[in-house]
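> Quick one: structure below, then a few questions.
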Amino acid sequence: LPIIIGKGGSQIQQLQSENECSIDTYKDEVTVVVSADSEEKVQAAKVALEAIVEQARKECIFIEIPESAIPAFVGKGGSHIKQMSDEYVVEIERVKKHSNLFKVTGKEDAVADAKTAILSWLKTWEANHTGLTIEVEERFIPNVLGKGGETIRSIQKESCCKIDIDRNHLTITVREGDEANREAAMEKIKSIIDEEKAKTAERAAA
């Protein structure tokens, strides 16, 4: 509604003058009512209003950031969003202090570029922090770790990834590194587990 009304009512006054109509806005209901002495004038005003709203949607977008990613996205003292704001010539602000919704405003092209950059950042963050996770039986954890942690350290070094073993939830998660390296590290872990399962089956059959 503020965009339709314009600064000091300038936008709505211009619309009314150009389309020879009356435009009433109702803030509580978030509605706009157009009236005129002909259907053609009402339709013309409606088209003009829709164009303004459509343009506003391109110049003001909302992006949801996972709660766990917000500290990194905002940066220390807001440094990261300030850097992105300066780089793409837009304004990035959190909608509410405890909300995970962020508003990006600026010129259409700048907002579109900023959106692409934010979504790319988010994809990288999620890949690095969400990682790949599998469930594991507790008896196979020592095999993945290796003597003195040698096996897991070797996989981490080769893949440039971080491997977390959660003994409480019996999961193994591969984080950081790029996607190909994470998948390669996970395949090595699965191979170790499968090999040990095969040995266990052989012993049971003997």
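> If ligands, DNA and RNA are left out, what is the accessible area of residue 119 with a 1.4 Å probe, given in Å² to the nearest 10?
80
> Between their Cα atoms, which of 46/107; 7/123; 7/27 are more than 26 Å away from each other?
From 46/107; 7/123; 7/27, over 26 Å: 7/123.
> Run the paramagnetic zone check for residue 58: 7 angstrom along Cα to Cβ, then residues of the stretch 111-152 with backbone nitrogen under 17 Å.
111-116
> Given a 10 angstrom Cα cut-off, can you work out which residue in 25, 151, 130 is the most mobile in a GNM of the chain?
25
> So, one more: Kindly state, to the nearest 0.05, the FRET efficiency for residue 91 paired with residue 162, given R0 = 30 Å and r defined as their beta-carbon distance.
0.30
> Next up: Quick one: Kirkwood hydrodynamic radius for the chain, alpha-carbon pairs, angstrom, one decimal?
21.9
> Could you report the stretch 1-59's accessible area per residue, 1.4 Å probe, as an integer in Å²?
I get 69 Å² per residue for the stretch 1-59.
> Within 14 Å, Cβ to Cβ, of residue 54, how many net charges do the neighbouring residues add up to if Lys/Arg are +1 and Asp/Glu are -1?
0
> Okay, next question. Please compute the alpha carbon radius of gyration of the stretch 123-206, then divide it by the globular-protein estimate 2.2 N^0.38 Å. Two decimals is fine.
It is 1.13.
> Using the basic label-point model (7 angstrom from Cα toward the beta carbon), what is the residue 183 to residue 116 distance in nanometres?
2.5
> Right, another one. Which percent of the accessible area of the chain is formed by carbon and sulfur heavy atoms (probe 1.4 angstrom)?
Solvent-exposed carbon and sulfur of the chain make up 51 percent of the total.
> Among the trypsin sites (Lys or Arg not before Pro) in the stretch 1-56, which ones are in a DSSP loop with at most 13 other Cβ atoms within 10 Å of the Cβ? Mind listing them?
Passing both the DSSP loop test and the Cβ count: 27.
> Out of all Cα-Cα pairs in the stretch 89-128, roughly what percent, to the nearest whole number, are more than 14 Å apart?
The share of Cα pairs beyond 14 Å in the stretch 89-128 comes to 54 percent.
> Can you give the angle from 0 to 90° between the axis of helix 179-205 and the longest principal axis of the chain, with both taken from C-alpha atoms, to the nearest 10?
Taking the Cα atoms of the chain, the angle to 179-205 is about 40 degrees.
> Then there is this: Efficiency by 1/(1 + (r/R0)^6): what FRET value for residue 43 and residue 105, r their Cβ-Cβ distance, R0 = 25 Å, to the nearest 0.05?
Taking R0 as 25 Å, the efficiency between residue 43 and residue 105 is 0.25.
> With every protein chain left in place, what is the accessible area per residue of the stretch 70-116 in square angstrom, probe 1.4 Å?
Accessible surface, normalised per residue, equals 65 Å².
> Add -39500 (n - 2.57) for each DSSP H run of 4 or more in the chain, then divide by its residues: what number comes out at 222 nm, to the nearest 500 deg cm²/dmol?
-17500 deg cm²/dmol
> I've got another one for you. Return the loop-located trypsin sites (Lys or Arg not before Pro) in the stretch 147-206 (DSSP other than H, G, I, E, B) with at most 13 other Cβ atoms within 10 Å of their own Cβ; answer none if there are none.
Answer by residue number: 167.
The values are calculated or read from the model by the stated rules, or taken from the named source; none is laboratory data. The structure presented is a predicted model; accordingly, all values stated were derived computationally and were not measured. Positions of Cβ are generated from backbone atoms using ideal geometry, with glycine treated the same way; all protein chains shown enter the neighbour counts. Please note that ligands, DNA and RNA were not included when accessible areas were found on the heavy atoms of the full protein model with its side chains. Shrake-Rupley method; radii C 1.70, N 1.55, O 1.52, S 1.80 Å.
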